Amino acid sequence: MMRWLFVLLLAATPALAEPLFEARQLTPAGEYTFGIEGPAVDANGDLYVANFQRPGTVGKLRAGAARSDLFAILPEGSTGVSTRVGPDRRLYLADYRRHNIFVFAQGDPTPRVYFRSDAFNQPNDMTFTRDGTLYASDPLFRRRSGQVWRIAPGGASGAPMQVARKLTTTNGNRSQPRREDALRCRIRHE
């Protein structure tokens, strides 16, 4: 018995020595702007990234491809900063300049306004809970402040969440897939 355990451990040792993750460049240099943002992957393994070749665009890197293609052009003045694939498998994009959350039907490059508010500072990172509720961090970098928005499924209504303490620079968020009430956001408190 000990002899077989030793053989199994010996056989597993090389696999343990290999790195778990190794970063590598997927696309040619310069394919995306300096403002590259918001990667999201759909169920087919295709990668969507904001600001392909110029601001206000979305690039799509098909699974296994070495070059991206233009997926979508945003309305004039809009610039994407975050993309997410929602539980409904549609692509969502936060437009920080024009205060929109756009949605794209599967395979359709036409951006449609999902939610918009003049009260946004600059919608940034997004996450969803299983029921389709969207949470968007909304930093105001120049004032080191911010808020987190809760947007109802379907985008019909949304508002900043009320918190007991003043938030500073809300940026980045993730929901806990196993708990509807768990939301993590990278926030500094004053």
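The values are calculated or read from the model by the stated rules, or taken from the named source; none is laboratory data. Here the structure is a predicted model, which is why all the values come from computation and not from measurement. Positions of Cβ are generated from backbone atoms using ideal geometry, with glycine treated the same way; all protein chains shown enter the neighbour counts.
Structure above, values below:
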{"item": "Hits in segment 105-162 (condition: modelled with pLDDT under 90, in contact with a His (Cβ under 8 Å, 6 or more places away or on another chain) and either in a strand (DSSP E or B) or of a type in the set (Phe, Trp, Tyr) (or both))", "result": "PHE120"}
{"item": "Candidates VAL49, VAL58, VAL81 - the one that is under 18 Å from ASN124 (Cα atoms) and out of contact with any Asp or Glu (no Cβ under 8 Å at 6 or more places or on another chain)", "result": "VAL58"}
{"item": "Residue in segment 19-31 that is on the phi > 0 side of the Ramachandran plot and either modelled with pLDDT under 95 or in contact with a helix residue (DSSP H, G or I) (Cβ under 6 Å, 6 or more places away or on another chain) (or both) present", "result": "yes"}
{"item": "Complete set of residues in segment 33-68 that are under 18 Å from ARG98 (Cα atoms), assigned to a loop (DSSP other than H, G, I, E, B) and out of contact with any Leu (no Cβ under 7 Å at 6 or more places or on another chain)", "result": "ARG54, PRO55"}
{"item": "Complete set of residues in segment 108-155 that are farther than 22 Å from VAL58 by Cα, surrounded by 13 or more Cβ atoms within 10 Å (Cβ to Cβ) and among the aliphatic types (A, V, I, L, M)", "result": "LEU140, VAL148, ILE151, ALA152"}
{"item": "Subset tally (residues that are under 16 Å from the mean Cα position of the chain (by Cα), more than 18 Å from ILE36 (Cα to Cα) and polar (S, T, N, Q)) for segment 101-136", "result": "3"}
{"item": "Set ASP88, ASP108, ASP118: member being over 15 Å from GLY158 (Cβ atoms) and free of Cβ contacts under 8 Å to residues at least 24 places away in the same chain", "result": "ASP108"}
{"item": "Selection within segment 31-51 - under 16 Å from the mean Cα position of the chain (by Cα) and under 18 Å from GLY64 (Cβ atoms)", "result": "PRO39, ALA40, VAL41, ASP42, ALA43, GLY45, ASP46, LEU47, TYR48, VAL49"}
{"item": "Some residue of segment 163-173 being assigned to a strand (DSSP E or B), under 19 Å from the mean Cα position of the chain (by Cα) and modelled with pLDDT under 90", "result": "yes"}
